[in-house]
1. For a quick check: sort PHE21, PHE54 by the number of other beta carbons within 10 angstrom, fewest at the front.
2. So which trypsin sites (Lys or Arg not before Pro) in the chain are both in a DSSP loop and have at most 16 other Cβ atoms within 10 Å of their Cβ?
3. Top mean-square fluctuation among LEU14, LEU47, LEU23, Gaussian network model of the chain, C-alpha springs under 10 Å?
4. Just add up the charged neighbours of TRP25: K/R +1, D/E -1, any other residue whose Cβ is under 14 Å from the Cβ of TRP25.
5. Relative to the compact-globule scaling 2.2 N^0.38 Å, provide the ratio for the alpha-carbon radius of gyration of the chain.
Amino acid sequence: MLGIVISYYWAVALLIFSMWFKLFWVDETTPRNDLSSWVVLIVGASLWVVVLPFANLELVLKAYSINS
């Protein structure tokens, strides 16, 4: 049972990393050789359980402020 949970956790982390990596790669404002950006990308994807709700909240608040 625990193996299934761990596999699910890392599968979602890999999915999150791949989506954020695509966004990172097309972003022209951050150099691709910036080590701190890569660390944040990897740590953020690894800790998706904590990071993802805050990232979603930030996007919702940004969309709400644009529509207001």
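Nothing in this text is a laboratory measurement; each read-out follows from the coordinates by a stated rule. Quick caveat, the model's predicted, so the values are computed rather than measured. Positions of Cβ are generated from backbone atoms using ideal geometry, with glycine treated the same way; all protein chains shown enter the neighbour counts.
1. Least to most surrounded, the residues fall as PHE54, PHE21.
2. On the way: sites: LYS22, ARG32, LYS62; in loops: ARG32.
When the trypsin sites (Lys or Arg not before Pro) of the chain are filtered for loop state and at most 16 Cβ neighbours within 10 Å, ARG32 remain.
3. Among LEU14, LEU47, LEU23, the largest GNM mean-square fluctuation belongs to LEU23.
4. Every neighbour counted, the sum reads -1.
5. Numbers: Rg = 14.4 Å, N = 68, 2.2 N^0.38 = 10.9 Å.
The value comes to 1.31.
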